[in-house]
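Here is the structure we will look at.
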Amino acid sequence: MALWGNNDNLNSAGTVVLNYSTGVVTGTGTTFGAAGAGHTEARVGDIIRFGIRDGKTSNGFTTYFGDAVIVSIASGTSLTIGSTANLTGGAIGPIGTSFTISQCPKSTVLNSAYSQVDSDSDKFVYGVAQGGSETSNGGQYETGVGWVGIQTYMDNEGNLRVKKEILVAMSGISTGNVPAFPDDK
């Protein structure tokens, strides 16, 4: 199991419910751990991102709950995460929550800099391919290719500030992630 991979767009079909006390994630319409050509399904060591990043519900609240590392897969509809420390604590379920699977660096999951808990700024790790890097060229979100931590916030004069840190510089990264970079920070 590697510390990171080159995919930010693994199959994320279905919805999930999380039992916070046991760390068990139960899916509906999911195919966790399914064998196939290449690495296209969730596997042990991948990151599960609960909710949709930058998604809003009808009452205006975010539907993104944070990230966790998958530590075991019992079946195509059941997996266990290693920790809930980087999650908001909000209910993930009971009617099912959308999710995405990523191979972003595992160190970011327990790094409080990327936690969704008590945050007064927006922080997220993006998989940035060559196309995303070229699109952001010359703009506020300009960055290199690889796994990039982005933090945005408003300064004391109301100006948007963007901090970027390339966590893993690499070529050949495969994106298609939600949200897309740099369009939907």
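Structure notes:
- For the listed peptides 163-169, 152-158, 41-47, a ranking on the average number of other beta carbons within 10 Å per residue, highest first, reads 41-47, 163-169, 152-158.
- Cβ crowding within 10 Å, taken as a proxy for footprinting-reagent exposure, orders Ile95, Ile73 from fewest neighbours to most as Ile95, Ile73.
- HN-Hα J in Hz across the stretch 22-30 - Karplus 6.51, -1.76, 1.60, θ = phi - 60°, x for Gly and Pro: 10, x, 7, 9, 10, x, 10, x, 9
Every number here is computed from the coordinates shown, using simple stated rules; none is lab data. Because the structure is a prediction, the values reported are computed rather than measured. Reconstructed Cβ throughout: ideal geometry from the backbone, glycine too, with neighbour counts over all protein chains shown.
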